[in-house]
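The values are calculated or read from the model by the stated rules, or taken from the named source; none is laboratory data. What you see is a predicted model; the values in this text were computed from it and never measured. With ideal geometry, Cβ positions are generated from the backbone for all residues, glycine too; neighbour counts draw on all protein chains shown. Calculation scope for accessible area: heavy atoms of the full protein, side chains included, ligands and nucleic acids excluded. Shrake-Rupley method; radii C 1.70, N 1.55, O 1.52, S 1.80 Å.
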Amino acid sequence: DLEYELSIKEIAELMNLSHGTVKSRLHRARQKIQNKLKGVE
């Protein structure tokens, strides 16, 4: 099992995105995961 721990800055640089874009996408992704775990779609 590989563990990747990248900072938002590193993700932004790798994906050629702004810091804010990465933060908002991560936030949205975390919300989706939480909703799935709660059984909400």
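Table for the structure above
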{"read-out": "Selection within the stretch 1-14 - in contact with a helix residue (DSSP H, G or I) (Cβ under 7 Å, 6 or more places away or on another chain) and of a type outside the set (V, I, T)", "value": "K9, A12"}
{"read-out": "Enumeration of residues in the stretch 17-41 that are open to solvent by 100 Å² or more (accessible area, probe 1.4 Å) and either touching a residue at least 60 places away in the same chain (Cβ under 8 Å) or not in a helix (DSSP H, G or I) (or both)", "value": "E41"}
{"read-out": "Evaluation of E5 against (1) over 12 Å from the mean Cα position of the chain (by Cα); (2) surrounded by fewer than 10 Cβ atoms within 10 Å (Cβ to Cβ) (one fails), failing number", "value": "(1)"}
{"read-out": "Positions within the stretch 4-16 being acidic (D, E) and in a loop (DSSP other than H, G, I, E, B), in sequence order", "value": "E5"}
